[in-house]
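Chemist: Pasting in a structure now, in structure tokens, and then I'll have a few things to ask.
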Amino acid sequence: MTRSPIREALAVWAAVMGVLVAVRLAGIAIPVLHQIVGALAVGAFLYAPIKRLEARGQDAHDAGWRFDSLGTDVGWALIVSALILPPFTLAFSWFVRELPRFPPQITSLVAPYVGAAHPFRFRIGPDPLELAGRVAGNAAVAFAEEFFYRGYLTLRFEESWPPRMRILGAPLGRAAIVAALLFALGHLLDPAPWRLAVFFPALVFAWLRARTGTIVGAAICHFIFNVWLLLLERAAF
């Protein structure tokens, strides 16, 4: 008997999260396991959807992993980044400047930062290879997460919840919101309330996926957002 698309998607998400949580907990006794959680997550986000797609006679192309409109994908990712990142940078600058004024019990809930930020100083840092490694890691994470959440999960959810509205030319609905919620909950693998804020950029990625019909533009935008935040943090702390 074929499982309903929604139940299948939720079961796959729960299974992947269960494995990652188990490895994370095992890392308490075997510290080296903490170092492979990120790589394991990338592998799981790619492998699990492909197996379930194949079981239904589909492939990665059906979930949006295709490059036949790469120019359009890149263009929309750059436009969205150009619109969002400048005001985000101003907000980030204000936030980290004001953060030391918050009560300590509040600070730990809303941000991972400790101490006062200094005026922005953009620099490569003492170890360029370390920065390059983190940028490369962000590329892998962005594409894997978008394939899992905006690709496979959204595909399955939309089979039961077709988009009911158009926002700026993109068909969106309940599927995009539920996938964004699961995306945010998945970030609690490192338990901290501030990690739930990724729900909001997830809606941006959902719009890009709906606007272009692929996950490539969403993944490029996701990568740009991640790297820009990394650079802002290095510049401020």
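The values are calculated or read from the model by the stated rules, or taken from the named source; none is laboratory data. Because the structure is predicted, anything quoted here is derived from the model rather than measured. Using ideal geometry, Cβ is built from the backbone for each residue, glycine included, and neighbour counts are taken over all protein chains shown. When the accessible area is computed, the model is the full protein with side chains, heavy atoms only, and any ligands, DNA or RNA have been set aside. Shrake-Rupley method; radii C 1.70, N 1.55, O 1.52, S 1.80 Å.
Chemist: Rank these by accessible area, largest first, 1.4 Å probe: Asp190, Asp59, Asp73, Asp68.
Modeler: The most accessible residue leads, giving Asp68, Asp59, Asp190, Asp73.
Chemist: Any idea what the dipole of the chain comes to, in debye rounded to 20, about its Cα centre with Lys/Arg Cβ at +1 and Asp/Glu Cβ at -1?
Modeler: For this selection, approximately 400 debye.
Chemist: Checking the a/c ratio against 1.5 first, then a/b against b/c, what shape does the Cα gyration tensor give for region 1-82?
Modeler: Oblate shape, in that a/c is at least 1.5 and b/c is the bigger or equal ratio.
Chemist: Pull out the extension gain between Leu203 and Val114, defined as 0.36 nm times the separation in residues minus the alpha carbon to alpha carbon distance; nm, one decimal.
Modeler: 29.2 nm
Chemist: Scan region 30-68 for chymotrypsin sites (Phe, Trp or Tyr not before Pro) in coil per DSSP, keeping those whose Cβ has at most 11 other Cβ atoms within 10 Å, and list them by number.
Modeler: Phe67
Chemist: Here is a further query. Thr212: net charge of surrounding residues, Cβ under 12 Å, Lys/Arg +1, Asp/Glu -1, itself excluded?
Modeler: With Lys, Arg at +1 and Asp, Glu at -1, the neighbours total +1.
Chemist: Using the Cα centre of region 117-220 as origin and beta-carbon charges of +1 (Lys, Arg) and -1 (Asp, Glu), tell me which of Val141, Thr212, Pro128 is placed farthest towards the positive end of the dipole.
Modeler: Sorting the options by dipole projection puts first Thr212.
Chemist: Can you work out the FRET efficiency for the pair Ala192 and Leu83, with r the C-beta to C-beta distance and R0 = 41 Å, to the nearest 0.05?
Modeler: Efficiency, from the Cβ-Cβ distance: 0.90.
Chemist: Please compute the contact order of the chain in relative form: average sequence separation of alpha-carbon pairs under 8 Å and at least six residues apart, divided by the residue count, as a percent.
Modeler: Relative CO of the chain lands at 30 percent.
Chemist: Per residue, what volume in Å³ does the Cα convex hull of region 185-236 take up?
Modeler: 86 Å³
Chemist: A further question on this structure: Summarise the accessible area of the chain (1.4 Å probe, protein heavy atoms) by the percent that is carbon and sulfur.
Modeler: 70 percent
Chemist: Where does the Debye-calculated log10 I(q)/I(0) of the chain sit at q = 0.07 Å⁻¹, using only Cα point scatterers of equal weight, no solvent?
Modeler: One equal scatterer on each Cα of the chain leads to -0.25.
Chemist: If the only charges are +1 at each Lys and Arg Cβ and -1 at each Asp and Glu Cβ, what is the size of the charge dipole of region 1-141 around the Cα centre, to the nearest 20 debye?
Modeler: 360 debye
Chemist: Please report, in debye to the nearest 20, how large the charge dipole of region 108-237 is about its Cα centre when each Lys and Arg carries +1 at its beta carbon and each Asp and Glu carries -1 there.
Modeler: Around 360 debye, computed over region 108-237.
Chemist: Per the Kirkwood definition applied to all pairs of different Cα atoms, how many angstroms is the hydrodynamic radius of region 99-217?
Modeler: 16.6 Å is the Kirkwood radius here.
Chemist: Identify, among Asn226, Pro104, Leu78, the residue whose Cα sits farthest towards the positive end of the charge dipole of the chain, taking +1 on the Cβ of Lys and Arg and -1 on the Cβ of Asp and Glu, with the dipole about the Cα centre.
Modeler: Farthest along the dipole direction, towards plus: Pro104.
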